[in-house]
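Every number in this text was worked out from the coordinates using simple rules, so none of it is lab data. Because the structure is a prediction, the values reported are computed rather than measured. Neighbour counts are summed over all protein chains in view; Cβ atoms, including those assigned to glycine, are modelled from backbone coordinates with ideal geometry.
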Amino acid sequence: MVHTRLMANSFIVLDRRRFVAGFSAATATCLLSRAPAAQEQQTIRIEAKPTTIPLRPGQAPTPIWGLEPSPASVRLRAGQLEVTFRNGLPMPAALEWRGIDGAAAAEPLTARPPVAPGTEVTFQLPLRRAGTFFADLRLLAALDALPCRPLPFAVEDSAPIAVDRDESLLIEDWRLQPTPATVHPEAGEPPPVFTVNGQIRPDIPMRSGERLRLRFINGSQQQVIAVKIEEVEVRVIAMDSAPAEPFPARNGALVLAPGGRVDALIDATTPPGGALQLLLHDGREARPIARLVASSEAPIRSSPLPPVPPLPAESLPAQLDLKSASRIDFALQGGEWVAPPSFSVALAPAFKVKTGRTTVLALNNRGELATSFHLHGHHFRLLDRLDDGWKPFWLDTLVVEPGQTQRIAFAATFPGRWLIESTATRFPAPRLVRWYSVE
């Protein structure tokens, strides 16, 4: 079980969490080349289909469900994206777009019904901002279904920043039962198997002296993780698909909520032929999950590059009007929450807000487990305890410890009907949903 002290989603207070006591760490995120933003039409085709993943050395790959994109390399630009989605699975499927604000016409369940097996749909997806995102099949997936892998993708920045290498690191956890047919992510008592980009403890190439942009994605549905890269300073530049004021990760430690993303920069000071360990803590123990391995080539430079400026914050408000905000107490448990297959917009909304109004939610966790809260449609600020300011980053997901209340604020910029998700951070807690309206 993950220690509840890990559940706070704040880099600023990370040193107060017993979970990471003694776990000096490094942040990570993914490297992506920068290209000018463009508004011309882009297209992508995504198919949900059965596939496999090698999780047992020396044994047959494990069957899972995945998302196969065409083209295979998902590097996109800001602007409109035309998506064609085909469901090749034996169950209805609903695509969730983690991190994309304001995509009302693509919102699952409230605007777009599940796609039946063997059929396909085409729709528009607005990409308003650069960042690290992923598409996810698991909104409707039953706990006893085959595990589903998310599809990470990145939208390139409009203004290039100085980096030498770009790496996306999708971290997933798997629980292997005695036979491959019964494998499920995060299920049961067997110890977890962690993969990075679908591999067990891969070596990730780099060159001494390089600056790397790392985009870490926690692909788990329920597991909170902490990650660390040994021996280097980690500087956070974005969180949950939104730019942050650049800051060093305290003690180098980074906590990722289920579905959380963090972009960070590191300067590879390891000598040629050396390696940096990537460690993961899951609340029980720290373990190596990958290595960043320097080639034998001479260092690319003798001293690190200068600090980078903040990334552009397109579509995010410069300020939030907390004084005149609509304030709502919001319980993360209760009879109003339903399983996604039972959801209908005929159910009463959790709240309604006028377009442009700042909304403050007091998230109350009255349960016995830390609970993950995910807001669709908008990013939010995590407010300070005195409600007089906010942390220097935006989020779309927050873990609230049991018996605690966290306050968040967002500007209701995009009209539409939007989902809210709540999931306890231990298997087999179900994913539950409600919805809110911006009018």
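Below, the figures for the structure above:
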quantity	calculated
Residues GLU297, GLU96, GLU314 arranged by fewest to most Cβ contacts within 10 Å	GLU297, GLU314, GLU96
Fewest-first sequence of ASP157, ASP282, ASP329 by Cβ atoms within 10 Å of each Cβ	ASP329, ASP282, ASP157
Percent of Cα pairs exceeding the 16 Å cut-off, where the set is region 326-438	58
FRET efficiency, ARG45 to VAL345 (Cβ-Cβ, R0 30 Å, nearest 0.05)	0.60
Interchain or long-range residues, amide H under 5 Å from PHE351's placed H	SER437
For region 350-360, Karplus couplings with θ = phi - 60° (6.51, -1.76, 1.60), whole Hz, Gly/Pro x	5, 6, 10, 9, 6, 4, x, 7, 6, 10, 10
Segment ALA298-MET91, extension gain: residue separation times 0.36 nm, minus the distance between their alpha carbons	69.2 nm
Residues whose placed amide H lies under 5 Å from that of ILE64, excluding near-sequence neighbours	THR51, THR52, ILE53
Label-to-label distance, nm, for residues given as ALA362 and SER315 (7 Å Cα→Cβ offset)	3.2
Cβ-based exposure ranking for MET91, MET206, in which fewest neighbours within 10 Å come first	MET91, MET206
Estimated FRET transfer efficiency when R0 is 56 angstrom, pair VAL308-ALA142 (beta carbons, to 0.05)	0.80
Additional length obtainable on full extension of the chain from ALA111 to ALA60, 0.36 nm per residue less Cα span	14.3 nm
Viscosity 0.890 mPa s, 25 °C: Kirkwood-radius Stokes-Einstein D of the chain over Cα pairs, µm²/s	112
In range of the label at GLU233: residues from region 283-310 whose backbone nitrogen is under 20 Å from the point 7 Å along Cα→Cβ	300-310
Fully extended contour minus Cα-Cα distance, from THR405 to ILE200, at 0.36 nm per residue	70.1 nm
Under Karplus coefficients 6.51, -1.76 and 1.60, residue-wise ³J(HN,Hα) of region 102-109 in Hz, glycine/proline x	x, 8, 4, 6, 9, 5, x, 6
Calculated FRET efficiency for the pair ALA162/GLN333, C-beta based, R₀ 51 Å, to 0.05	0.65
³J(HN,Hα) computed for each position of region 394-400 - Karplus, 6.51 cos²θ - 1.76 cosθ + 1.60, integer Hz, glycine/proline x	10, 9, 10, 9, 9, 9, 10
Set of lysines with alpha-carbon distance to LYS354 below 28 Å, sequence-local pairs under 8 removed	LYS323, LYS391
